[in-house]
Amino acid sequence: MKITLPHRSDPVCVSKLLCIGRNYADHAAEMDRDVPDEPMVFLKPPSALVRSGDTVQLPPQSHEVHHEVELVVVIGKEGKHISQEAALDHVAGYAVGLDMTARDLQTKAKEQRHPWSVAKGFDTFAPLGPIRPADEAEAPQDLTLRLAVNGETRQQASTNRLMFSVPALIQHCSQIFTLSPGDLLYTGTPSGVGPVQDGDELEASATGLDPLRVSVERIG
């Protein structure tokens, strides 16, 4: 999929979706997991990406898909071995997103010590809201994230509770991957994750960012 970056007219391909696990202590606790000593990075394929107004599809392989609201950092400048001091210079914008997770498949994979790629990577499992230019957005370290299902708040927390800040995440990821324009960094979810059902309407929001709205549909 291609996205249009702020202050650029030509769309760019999204080459990778970098996602951070257990980056809020309360979410690690609700999942009965320890807080990691360094950012825990996993990937979603670009084919998982959908935009606001689209539909999240519940696949026949899973009977327990969970919502996870997250602040998403949109990379606008290529970089490798980026320092924390220079990290925000590589950010084109911010958006609110959802890391949809087939929890039953993830739990089974963990029990068998297998990767989580299937549980995280189904088509439509990475909704992304409208992108706000970085120079027009509020500072990423103190935004209120919120996720409502059918109008009922399920998740709400401030990004000041991130265990690893946006600059720290960019620094860490750039030691491993070359970051490219159009890359998306999903920064982690707070507590309150839970299942979604066929017909649900989801609205994710963050301070100063346009909301992300998606519907849920069971397929197969």
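Pick out, in residue order, every one of the trypsin sites (Lys or Arg not before Pro) in region 80-188 that is DSSP loop and has at most 11 other C-beta atoms within 10 Å; say none if there are none.
K80, R113
Please work out the FRET efficiency for the pair Q197 and D54, using the Cβ-Cβ distance as r and a Förster radius of 22 Å; give the result to the nearest 0.05.
Once rounded, the FRET efficiency stands at 0.80.
Any idea how far apart T178 and R161 come out in nm if each label point goes 7 Å out from Cα toward Cβ?
3.9
Could you put F42, F125 in order, starting from the residue whose Cβ has the fewest other Cβ atoms within 10 Å? It would help to have the intermediate numbers written out before the result.
Numbers: F42 17, F125 25.
Going from least to most buried by this count: F42, F125.
Of D34, D10, D104, how do they rank once you tally other Cβ atoms within 10 Å and put the fewest first?
D10, D34, D104
Using a simple charge model, +1 on the beta-carbon of Lys and Arg, -1 on the beta-carbon of Asp and Glu, nothing else, what dipole does the chain show about its Cα centre, in debye to the nearest 20?
On the way: 20 positive and 30 negative charges, 104 e Å.
It works out to roughly 500 debye.
Normalised by the number of residues in the chain, what is the relative contact order in percent for Cα pairs under 8 Å and 6+ residues apart?
Across the chain, relative contact order equals 33 percent.
Which whole-Hz ³J(HN,Hα) couplings does region 192-201 yield from phi under the Karplus relation 6.51 cos²θ - 1.76 cosθ + 1.60, θ = phi - 60°, glycine and proline marked x?
x, 4, x, x, 10, 10, 3, x, 5, 10
From the Cα trace of the chain, what convex hull volume per residue do you get, rounded to a whole Å³?
109
Please give every one of the lysines within straight-line cross-link reach of K120, meaning a C-alpha to C-alpha distance under 23 Å, and leave out same-chain neighbours fewer than 8 residues apart.
Hits, sequence-local ones excluded: K2, K16, K44, K108, K110.
In what sequence do V149, V56 fall when counting other Cβ within 10 Å, fewest first?
Exposure proxy ranking, most exposed first: V149, V56.
Express in nm, to one decimal, how much length is gained between D89 and L43 on full extension, taking 0.36 nm for each residue of separation and deducting their alpha carbon distance.
Going from the current span to full extension adds 14.3 nm.
Could you tell me how far the Cα centroid of region 182-204 sits from the Cα centroid of region 70-117, in Å?
13
FYI, it's all coordinate maths here, none of it is from the lab. Here the structure is a predicted model, which is why all the values come from computation and not from measurement. Note that each Cβ is placed from the backbone with ideal geometry, even for glycine, and that neighbours are counted across all protein chains shown.
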